[in-house]
Amino acid sequence: MDGPRDSWIHTTHDWAVTVDGDHLGLIRRAPAEFAPGGPVHLVLEVLAYAADEAAGRGGGRCVVALHPDGSVSVEDDGRGTDTRFDEHGRAVQKPVMATKDLRFFDAPAAERLPDGQPRRGMSVVAALSRWLTHTNRRANGAWHSRYERGVPVTGLEPVTADGTTGTRVHFLPDGALAPRWSPTGDEAARWSAHWPELTVRIDDRRGRGDRSGR
């Protein structure tokens, strides 16, 4: 739904707020509370959004890649993050990284992730990462943005469409979290069992010198 931003309905996030600094600060002050288990919990927070998309489409795929610098990327084949054009023709992306998810954050009945912890939203990942990039491909365009500790440091940068849709979230977990994550062989299978509409594959690139991402 394009048009005046004040007419957009708030379903998962408040479109009127670009950055909620108090919310991000709350998360950063309590990493053990919001990311118990360390980086793997951040991965599960991202996967939950891919699973939502897969459930709505009757199935989907996602690749979790581990990079040599300690960063992790999660890439799915969904429709991409909701992005609309306001009354001035400017692209506005739903503020999933820098504001709270209205469905889950502080909700006593929030769904549980595969690690048994409550789902709180993508802002947990952004706030507890030194940096995070979000590449978003939709039918109406494609964009890239970068965040540092949850705060956007770029605007929406248009990228060339490649005929696909989906999202790629690439992040470097904060050093305050547990040491680097070393997945076991059956983790992807457990995640796919938890979210049966989503097929998850782990790609460990740490020995290949891969430096993808920005």
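Quick look at the values:
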| item | result |
| --- | --- |
| Residue within the stretch 14-27 that is outside any loop (DSSP other than H, G, I, E, B), buried (at least 22 other Cβ atoms within 10 Å of the Cβ), under 17 Å from the mean Cα position of the chain (by Cα) and of a type outside the set (Lys, Arg) present | yes |
| Selection from the stretch 67-103 of residues that are more than 14 Å from residue 14 (Cβ to Cβ), of a type in the set (A, V, I, L, M, F, W, C) and at pLDDT 90 or above | 72, 74 |
| Any chance residue 32 is more than 21 Å from residue 152 (Cα to Cα), among the aliphatic types (A, V, I, L, M) and in contact (Cβ under 8 Å) with a residue 12 or more places away in the chain | no |
| Conditions (1) part of a loop (DSSP other than H, G, I, E, B); (2) under 18 Å from residue 93 (Cα atoms); (3) modelled with pLDDT of 95 or more: number failed by residue 120 | (2) |
| The one condition in (1) more than 23 Å from residue 164 (Cβ to Cβ); (2) within 17 Å of the chain's Cα centre (by Cα); (3) surrounded by fewer than 20 Cβ atoms within 10 Å (Cβ to Cβ) that residue 63 fails to fulfil | (1) |
| Residue satisfying condition, being among the acidic types (Asp, Glu) and without any contact (Cβ under 8 Å) to a residue 24 or more places away in the chain, within set 101, 115, 106 | 106 |
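The values are calculated or read from the model by the stated rules, or taken from the named source; none is laboratory data. Predicted, not measured: the structure shown is a model, and the values here were computed from it. Heads up, the Cβs are rebuilt from the backbone with ideal geometry, glycines too, and the neighbour counts pull from every protein chain shown.
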